Amino acid sequence: MALQHQTLGTNIIPLHYTLTFEPGLPRFRFRGAAAIDISIAKATKTIALNAKELEISSAQVITGSEKLSASIAMNVPQQEVTITLPKLVQGNATVKLEFTGTHNDGMYGFYRSKYLLKGEEQFLLTTQFEAANARAAFPCFDEPAFKATFDVSMIVGKDMFTVSNMPIKAEKRVSSRTKLVTFQTSPKMSTYLLYLGVGQFKFISAKSGKVLIRVLATPDKIHLGKLALRYTKTFLQFFERYFKIPYPLPKVDIIAIPDFASGAMENWGAITFREIALLGDQDTSVVFKQNIAITIAHELAHQWFGNLVTMQWWDDLWLNESFATFMSYKAVHDAFPEWDVPLQYFEETIADALSADELESTHPINVKVNTPGEIDEIFDKISYDKGGSVLHMLESYVGEKAFREGLHLYLRTHAYGNATKDQLWGAIQQAHHDTTTSSMIKGWITQPGFPLVEVKRQGKRYLLSQTRFTLTRKKYTQKWTIPLNYSTADGKPGSLLLTKLRGTIFDSSPWPKLNYGQDGYYRVKYTPELLDALGEQIRQQKFYPLDVAGIENDLFALVLAGEYTIDYYLDFIEKHCLTVAYPASMSISLHLNSLLHVGYKRRWENTTKRVSTIFHHHLLGQIGWSRPKNEKNTTTMLRSLSISSLGIADDEKAIHYVHNLLEQIRSGKPVDSNLRGVVYSISAWRGDASLYNYLWKRYIREQVPEENRKLLRAGGMFRDKILIQKALAWSQSDNVRLQDSFVIPVTISGNPAASELLWQWLQQHWIQLMKRYSGGTHMLPTFVHCLSGLSTRKQLAEFQAFFRQKKHLRDDIKMVVRQVAERIRINVALVERNS
Ligand code: BES
Ligand code: ZN
């Protein structure tokens, strides 16, 4: 298959890189030398490579016995360097380049990260190359389809610890203070997966068969690495079993980095993590522990899906990300069946995807992207969660066995190469021995949005119809092939493939539950009569938890879309849903909170508070206010959410409970880590300046990543405008790491008393924020997202006017700006309809 490249063309293909780096502590400049073996199809005098923020001092091309020196021209906006030779060259050649670059503090490229050791400031060096920042460390063919092998060496201080994708081959003394470290040759791989690390890392290790597993962290944090070591071993073995392909490298390093832009990064054999997503111990709360497990499993899944077989171009980024998302839950479920991971998958992946995908301004999973900014922008809920949901539906359609065999075939066929989505469907279809899979799945990948299936009773049958669902209820002519499962009042499960706009279920029982088992990526609209009947079944606890969650989730979306009223929803919850289990309970809790948020000081605030209070007291009545040993994780999660929800609704019992726990924490008594976050946040919600000062005093000293995060979050929960202003300023001060600087704004976006303030602040600081978050950090979109809760006409107009100005816009936020504008419009409409 022909290679597809965006900018560099296909005439020149890299085969092998020999890279030597001389990192530069303490001046934060590095020197590098690259010798790149290339193959040139058609004779040429010019060779273009990607380069960014590098100074290239010399270029030479060697062909056969000839050494040609080349002239160098940088194209900064294009992020390219073109070298021009005195004569035409063809066939095999080697490009030799010398260059220097900066260890920036922006968390991309070959960057620096700061930490404290015994009170003293220290630095380590690390890389983050995905999507397009390998070019900030060395000139290269920086596109995923240009796979090559790599020989890496580094010249570093003799006490430094170095890491790359492969194990160390040799270490050699260079001077009294420095050594040359050479790593083994890597397999054929994409540039975005290369890794370089230098620092005073400490590690713990274990073996899985022949594979050496190490967890690395700074010396003060390595004692928090045991959990990660255990998880890594378990999940690595799971994936080897599941994919039936051994992990192909001799080692895997799992590395905690103090400054890290995203959650984790799957560099082949040298996976990096934000500390909070990796480090923990027996005191870690279940939410954080599960996040550590899911994150490790996700990045390990990439070692096959993404690293061994890579998407041809970034338009199929979702192939990487949705598979890793989907597979991570499989691995964790296999190891910890008691965690109810499939139920959590609905709440965290499927429901989340549907709610992101019900905007007119959503995008199809498969999307055209060209510039690095556009690529950055699609690391979003659609690529991760919608992709993951569609894969879940596909697996349930073809069955686990055919699905797995298809994956195996796909991975085997394209190992060390690149592939596209069609090759994946092809493989699954082949394993399933059918002809429909490919065409069924296509509609879900190439079309934006998803269908709403409406069901109405007519005599002895149910009539079905599908239309695209958006919260604005705009009319579309789209159509999907929907694998539709249902059950009926007679208890008979059935299924059909809805290929047309309309369909029929022949059944005369009083109700059907569509999307039975909630494997399908669509919503269902019932008539009020059918909803009443289903509600009654819910009340009598006749349904599986997932089906209850599905009914409630779809109903809530229909409220936002104006098909049902808020009053109807609240009534439905109070009448039928007081005894529901996870995940419906979680879903209801979150929805009530979001109604309270948009309803702050509005007509339905009091009714919502009333229902929320009844609902959550009911829930806490069942599960208790404190955690018994050996409780289900989901129950533990529900408890903190319930207490927090009550706190936000100013329930006196909850406030009192939280205050007591805060006193215990302040006097040094142990308090359940699962409740500590709520204690800080709800105390802040009711708190004053003295609490504010207490939180920051502790925050500055707090080294345990989880506790540190909780203290920071609480800073955004005050009601007092002055404290919120101060917290926002604090969030961008030197006291808060760049990687954590979105935490306070994100918390404030959930603080109903402070939305307008946040909006004012963002406008005032926007230009600064754009500078602070370079494209490579993927963080700027988060700040735009924070505005999704705005709900007045005035705010909508201001938002649109503000981002209409070119100087406020950038490639990596264009889409999210459109989406947030639409959200605000939807909020405004919701308010106007229900007032
Ligand atoms: N490949 C991504 C990391 C990444 C994200 C690189 C955005 C460049 C831009 C990694 O595999 C990933 O998906 N990380 C997730 C964590 C995961 C558990 C969902 C993240 O960072 O949030
Ligand atoms: Zn990923």
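Read-outs throughout are calculated quantities, based only on the coordinates presented, and are distinct from any laboratory measurement. What you see is a predicted model; the values in this text were computed from it and never measured. Counting neighbours? That spans all protein chains shown, and the Cβs are built from the backbone with ideal geometry, glycine included.
Per-residue Karplus couplings for segment 780-787, computed as 6.51 cos²θ - 1.76 cosθ + 1.60 with θ equal to phi - 60°, are listed in order as 4, x, 4, 5, 5, 4, 4, 9 Hz, Gly and Pro entered as x. A Förster radius of 35 Å combined with the Cβ-Cβ distance from residue 700 to residue 626 puts the calculated FRET efficiency at roughly 0.75.
Per residue, the convex hull spanned by the Cα atoms of segment 524-575 measures out at 66 cubic angstrom. Measuring max minus min along each principal axis, the C-alpha atoms of segment 264-336 give extents of 43, 23, 19 Å (largest first). Based on Cα contacts under 8 Å between residues 6+ apart, segment 655-746 shows a relative contact order of 24 percent.
With one equal scatterer per alpha carbon and no solvent term, the Debye-computed log10 I(q)/I(0) for segment 675-735 at 0.21, 0.24, 0.25, 0.26 1/Å reads -0.74, -0.97, -1.05, -1.13. The Cα center of segment 45-112 and the Cα center of segment 143-179 differ in position by 21 Å. For residue 469, nonlocal amide neighbours, meaning residues 5 or more places apart or on other chains whose placed amide H falls under 5 Å from its own, are 450, 452. Between the C-alpha center of segment 400-459 and that of segment 779-793 there is a gap of 34 Å. Applying Stokes-Einstein at 25 °C and 0.890 mPa s to the Kirkwood radius of segment 295-381, computed over alpha-carbon pairs, gives a translational diffusion coefficient of 174 µm² s⁻¹.
As a proxy for reagent exposure, ranking 302, 597 by other Cβ atoms within 10 Å from fewest up yields 597, 302. Across segment 202-309, counting alpha-carbon atoms alone, Rg and Dmax equal 12.8, 38 Å. Of the beta bridges in the chain, as assigned by DSSP with both residues counted there, near 80 percent are antiparallel.
If a spin label sat at a point 7 angstrom from the Cα of residue 725 along the line to its beta carbon, no backbone N atom of segment 767-793 would be nearer than 14 Å. Beyond 19 Å in Cα-Cα separation lie the following of the pairs 221/697; 289/629; 726/807: 221/697; 726/807.
Taking R0 as 25 Å, what's the FRET efficiency between residue 400 and residue 495 from their Cβ-Cβ distance, rounded to 0.05?
Working: r = 16 Å, r/R0 = 0.65.
It comes out at approximately 0.95.
For the chain, relative contact order (Cα pairs under 8 Å, six or more residues apart, normalised by length) works out to 8 percent. Values of log10 I(q)/I(0) for segment 719-796 across q = 0.23, 0.27 Å⁻¹ run -1.15, -1.51, by the Debye formula with one identical scatterer at each alpha carbon and no solvent. Mind checking the log10 I(q)/I(0) for segment 391-473 at q = 0.15, 0.17, 0.19 Å⁻¹? Debye, one equal scatterer per Cα, no solvent, two decimals. Log-scaled intensity ratios, in q order: -0.68, -0.79, -0.88.
When you restrict to C-alpha pairs under 8 Å that are six or more residues apart and normalise by the size of segment 488-614, the relative contact order lands at 22 percent.
Summarising the amide proton neighbourhood of residue 461: residues at separation of 5 or more, or on other chains, whose placed amide H is nearer than 5 Å comprise 507. The Rg/Rh ratio of segment 589-736, with both radii computed over alpha carbons and Rh defined as the Kirkwood radius, is 0.97. Going from the residue with the fewest nearby Cβ atoms within 10 Å to the one with the most, 202, 669, 114 rank 669, 114, 202. Mind giving me the FRET efficiency for residue 763 and residue 35? R0 is 45 Å, r the Cβ-Cβ distance, nearest 0.05 is fine. So the FRET efficiency works out to roughly 0.35.
Dividing the convex hull volume of the alpha carbon atoms of segment 747-835 by its residue count gives 87 Å³ per residue.
Proximity of backbone amide H atoms, modeled 1.01 Å from N, is registered between residue 524 and 453 at under 5 Å, excluding neighbours fewer than 5 places apart on the same chain. Overall shape of segment 23-64 was characterised from the C-alpha gyration tensor. The equivalent ellipsoid obtained from it has semi-axes of 28, 11, 8 Å, in decreasing order. Charge dipole of the chain (Cα centre as origin; +1 on each Lys and Arg Cβ, -1 on each Asp and Glu Cβ, all else neutral): 740 debye, rounded to the nearest 20.
The calculated Kirkwood hydrodynamic radius for segment 447-554 is 14.1 Å, given to one decimal from all distinct C-alpha pairs. By the Stokes-Einstein formula, at 1.567 mPa s and 4 °C, segment 50-164 with its Kirkwood radius over alpha-carbon pairs has D equal to 79 µm²/s.
The Cα-based radius of gyration and maximum Cα-Cα distance (Dmax) for segment 535-603 are 11.7, 37 Å. The trypsin sites (Lys or Arg not before Pro) of segment 529-614 meeting both criteria, a DSSP state outside H, G, I, E and B (loop) and at most 14 other C-beta atoms within 10 angstrom of the site's C-beta, are 542, 601, 603. Taken as Cα centroids, segment 255-281 and segment 618-682 sit 29 Å apart, rounded to the nearest whole angstrom. Over segment 444-503, the ratio between the Cα radius of gyration and 2.2 N^0.38 Å evaluates to 1.23.
Cβ under 12 Å from residue 634's Cβ, residue 634 left aside: what net charge do those residues give with Lys, Arg +1 and Asp, Glu -1?
Working: positive: 632, 639; negative: 338, 340, 347, 348, 631.
Cβ neighbours under 12 Å give a net charge of -3.
Here the label points at residue 575 and residue 43, each 7 Å from Cα along the C-beta direction, are separated by 8.4 nm in the simple model. Note on the chain: the C-alpha convex hull projects to 34.9 nm² when averaged across all orientations. Taking θ as phi - 60° and the Karplus parameters 6.51, -1.76 and 1.60, the scalar couplings of segment 573-581 work out to 5, 5, 6, 10, 10, 6, 10, 6, 9 Hz in sequence order, x denoting glycine and proline.
For segment 636-642, the Karplus equation 6.51 cos²θ - 1.76 cosθ + 1.60, evaluated at θ = phi - 60°, returns couplings of 4, 5, 5, 4, 5, 5, 5 Hz by residue, with Gly and Pro reported as x.
Once divided by 2.2 N^0.38 Å, the Cα radius of gyration of segment 535-665 becomes 1.06. One chain, two ends: residue 149 and residue 116. Fully extended at 0.36 nm per residue, the span grows by 8.3 nm beyond their Cα-Cα distance. Percent of Cα-Cα pairs more than 15 Å apart in segment 596-676, please. In whole percent, the long-distance tail amounts to 59. In the chain, taking the dipole from charged Cβ atoms about the Cα centre, the farthest positive-side position among 69, 739, 14 is held by 69. Per residue of the chain, the DSSP helices (runs of n ≥ 4 H) give a summed -39500 (n - 2.57) that works out to -13000 deg cm²/dmol at 222 nm.
Among 793, 627, which comes first, then next, by fewest other beta-carbon atoms within 10 Å? Walk me through the numbers before you get to the answer.
Details: 793 12, 627 18.
Ascending Cβ contact count within 10 Å gives the list 793, 627.
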